[in-house]
Amino acid sequence: MPNGSRLSTRFSNLVVPFYVLASLVLTWPLARNFGSQLPAVLTPFDALLHVFLLGWGWHGLTTNPLEVFNAPIFHPEVRTLTYMDHMLGEAVLGGPIIEVSGLGAAYNSLILFSFVASGYFVYRLARLYGISRSGSCVAGVLFAFCPFRFSHLGCLNQIQTQFIPLGIFFALRFLRTEQIRYGFGASLTLVVQSYFGWYATFHLLVALAVLLG
């Protein structure tokens, strides 16, 4: 393998570890109090609500999934989980961590995951446009660690922005190749995003509509 190819491969292999390290540093001291404290901006109310939704979602899915939308709030109303982002996607992704390390660790793992995944998927999207690996890495940093995401650090649902670049990535591949699997990937990404938060679902839907238009 030529030296240039080896260096490119090594660089690509370092992208995810770099985003992990950057996430730990830029959200410090979150890692120091990983299982006992939650990140919040201005007020703790959103974070406390979302950690409740995360815990209830996992509890409902593992005990009585047909009744998961009947959350113990707004009594005597029914289907009260439909009043807000249900965050069942976060519950499924964080569920194993809840079982092993507790609710706080699961919540904070999802926060860090959103930084790493957002950066990496923008990196992949930029590479699709032919941008250099270093430039694509910078693009991922600018997206993952932008002021919008830090200003919503206390809102677990609104910080799950990683599916926006992923959906656009699949849509672009579909437009370029006309392969059904990429169209399916874009559609599936939109569906998965809807289980993680409706805010980013709207953003992704608009982006896909503009792109396809």
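The values are calculated or read from the model by the stated rules, or taken from the named source; none is laboratory data. Bear in mind that the values here come from a model prediction, so they are computed numbers and not experimental data. Every residue, glycine among them, receives a Cβ derived from its backbone with ideal geometry; neighbour counts consider all protein chains shown. Only protein heavy atoms, including side chains, enter the accessible area calculation; ligands, DNA and RNA are left aside. Shrake-Rupley method; radii C 1.70, N 1.55, O 1.52, S 1.80 Å.
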I'd like to know if region 16-34 contains one or more residues that are in a helix (DSSP H, G or I) and in contact with an Asp or Glu (Cβ under 6 Å, 6 or more places away or on another chain). no
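Can you tell me which residue within region 169-210, out of those that are within 18 Å of LEU110 (Cα to Cα) and small (Gly, Ala, Ser), is farthest from the chain's Cα centre (by Cα)? Steps first, please.
Taking region 169-210 as the starting set, the residues that turn out to be within 18 Å of LEU110 (Cα to Cα) are 189, 192-201.
Add one more test, that the residue is small (Gly, Ala, Ser), and what stays is 194, 197, 200.
On the way: SER194: 11, GLY197: 9, ALA200: 10 Å.
Here the residue is SER194.
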Output the residues belonging to region 35-54 that are assigned to a helix (DSSP H, G or I) and open to solvent by 20 Å² or more (accessible area, probe 1.4 Å). PHE45, ASP46, LEU48, LEU49, VAL51, PHE52
Do you know which residues across region 67-111 are charged (D, E, K, R) and over 15 Å from HIS50 (Cα atoms)? GLU67, GLU77, ARG79, GLU99
Could you grab me the full set of residues in region 130-156 that are within 24 Å of ARG176 (Cβ to Cβ), open to solvent by less than 50 Å² (accessible area, probe 1.4 Å) and of a type in the set (D, E, K, R)? none
Residue in region 62-78 that is in a helix (DSSP H, G or I), in contact with a strand residue (DSSP E or B) (Cβ under 9 Å, 6 or more places away or on another chain) and on the phi < 0 side of the Ramachandran plot present: no
Within region 11-29, does at least one residue satisfy the condition of being out of contact with any Phe, Trp or Tyr (no Cβ under 6 Å at 6 or more places or on another chain), among the hydrophobic types (A, V, I, L, M, F, W, C), under 27 Å from ARG79 (Cα atoms) and open to solvent by 70 Å² or more (accessible area, probe 1.4 Å)? no
Residues satisfying the stated conditions in region 68-84, i.e. open to solvent by less than 20 Å² (accessible area, probe 1.4 Å) and either under 20 Å from LEU190 (Cα atoms) or hydrophobic (A, V, I, L, M, F, W, C) (or both): VAL68, ALA71, LEU81
